[in-house]
Amino acid sequence: MLALSSIVLHTHAQTRDPRHAWFDEAKFGMFVHFGTFSTLCDGEWVMYNQKIKTSDYRKLQDIFNPQLFDAAEWVAAAKSAGMKYIVFTSRHHDGFSNWDTAQSEWNIMNTPYGKDIVRQLTNECHRQGIKIGLYYSLIDWIHEDYAHNTARSYTLRKDSARCDWERYVAFMKAQLTELLTDYGEISVIWFDGEWDQLPENATSHSQSSVDWHLGEIYDLIHDLQPDCMIANNHHLEAQPGEDYQIFEKDLPGQNKSGLSGNQQVTAGIPLETCETMNGSWGYDFQDNRFKTATELIHLLVRSAGYGANLLLNVGPRPTGKIEEICIERLAEVGAWMEQYGHTIYGTRGGPVKPQEWGAVTRKGNRLYVHVLNAGTDTLTIPIPGKIASVKWLNVPSEAEWKYNRKTGEATFKLAGPLHPIDSILEIAIKQNNL
């Protein structure tokens with residue numbers, strides 16, 4: 001028997017901005033890593049990993065030509081999975097801009113392709129009714145005004161004597177202004193890279209080698225688009241002005257990836273886990289470690305069990321096409337969501353943290369117990385109120401359970417064959433007890 005009363009998840013009361021209700025409802029989004037790095041087919045960190053000189057890397061601008069990019073296909077792939085939003089790399093750490101920016105010649109308009117990908121994708125998302133967010137790297141391995149000498153990520157460029165940090169901050173502000181004034185509604189600005197100027201085992205944002213002027217940047221974003229959410233993948237606690245907290249390749253409170261050792265879950269704001277479908281964010285033609293549909297569904301369920309959204313990544317080929325295996329996996333997850341998405345969308349984490357056996361989500365007066373380990377025979381969980389009814393959603397047998405009034409726990413006997421992916425118990429609780 002799995003007795004779980006000792007690991008009840010004590011959640012803090014959360015004050016949600018009603019303008020961001022869509023995010024709490026969504027629970028599932030698509031991350032897209034795409035840019036000049038895709039051309040080399042070795043992931044988004046190829047410039048750093050292969051120690052490519054700036055002068056050589058810039059030659060990719062004459063090669064990058066994603067002629068098969070089709071924004072409608074990307075959005076359709078996301079919708080087929082049941083995803084409700086897309087976050088796209090407007091620019092990654094190599095500083096290349098996937099839109100028609102006036103702030104730098106290092107952009108998509110000066111490639112053989114010569115078309116604004118951000119505009120095409122944002123327009124298509126608006127047309128199809130899916131939210132669009134933009135990833136924006138705070139790092140720039142190429143920009144001469146970036147503080148290279150204090151950066152953790154880059155070792156080739158040490159000419160920081162030429163660095164004008166205030167000019168670099170002004171450059172970022174100007175680019176963000178373009179993105180937030182020329183492309184219609186942007187639902188998220190997703191920052192990455194603050195960690196580049198922090199010590200390796202940093203415990204506080206105050207340890208940064210530079211002043212990012214994030215307060216000014218956040219105010220600018222909210223002034224330009226008050227409803228736009230701000231998130232920052234810095235691997236620490238959320239700061240004022242950030243509307244949700246990101247956990248990279250980890251579920252909230254875990255540190256299996258090694259990136260979240262000093263990251264505490266910030267109470268009071270939404271959460272998001274971002275993860276890859278294989279092992280890479282950007283396209284890597286040698287990376288065939290694709291997760292199965294069952295593994296992806298389990299990841300989605302466990303994320304929801306923590307009250308977090310899952311932002312699942314695809315790395316399109318240099319041509320602009322999403323790999324067929326990714327399309328297939330997304331459709332498989334979507335078929336499951338078509339049947340059981342109501343146990344994920346709009347839910348919060350249940351009364352216990354996800355465990356080896358599975359996870360619990362909660363919506364209104366209902367708990368959804370997701371038994372992901374088909375070898376589980378019994379489990380005991382605390383119930384926040386009197387039980388009105390219990391039933392299986394996808395197991396052809398009657399639910400067997402007993403309630404202990406003294407402990408407030410219910411024990412469920414999981415007799416008979418369980419569902420091979422996810423056996424779901426629906427527990428209705430009397431409304432006046434919630």
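One table, with the values for the structure above:
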| read-out | value |
| --- | --- |
| Flag if T150 is over 25 Å from P318 (Cα atoms) and modelled with pLDDT of 95 or more | no |
| Hits in region 106-130 (condition: under 21 Å from the mean Cα position of the chain (by Cα) and either farther than 19 Å from T181 by Cα or of a type in the set (A, V, I, L, M) (or both)) | I117, V118, L121, Q128, G129, I130 |
| Residue count, region 359-407 (criterion: surrounded by 13 or more Cβ atoms within 10 Å (Cβ to Cβ) and either of a type in the set (S, T, Y) or outside any loop (DSSP other than H, G, I, E, B) (or both)) | 26 |
| Residues being in a strand (DSSP E or B), farther than 14 Å from D422 by Cα and not charged (D, E, K, R) - total across region 336-358 | 2 |
| Test: residue in region 63-85 that is surrounded by fewer than 21 Cβ atoms within 10 Å (Cβ to Cβ), at pLDDT 95 or above and among the β-branched types (V, I, T) | yes |
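Residues checked against (1) over 18 Å from G315 (Cβ atoms); (2) part of a loop (DSSP other than H, G, I, E, B):
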site	(1), (2)
T89	no, no
D94	no, yes
Q103	yes, yes
M109	yes, no
K115	yes, yes
R119	yes, no
T122	yes, no
Y135	no, no
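Conditions (1) under 21 Å from the mean Cα position of the chain (by Cα); (2) part of a helix (DSSP H, G or I), marked per residue:
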| site | (1), (2) |
| --- | --- |
| R167 | no, yes |
| A174 | no, yes |
| G184 | no, no |
| E200 | no, no |
| W212 | no, no |
| I221 | yes, yes |
| P240 | yes, no |
| F247 | yes, no |
| Q264 | yes, no |
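The values are calculated or read from the model by the stated rules, or taken from the named source; none is laboratory data. Note that this is a predicted model, so its numbers are computed, not measured. A quick note on method: Cβ atoms are made from the backbone with ideal geometry, for glycine too, and the neighbour counts reach across all protein chains shown.
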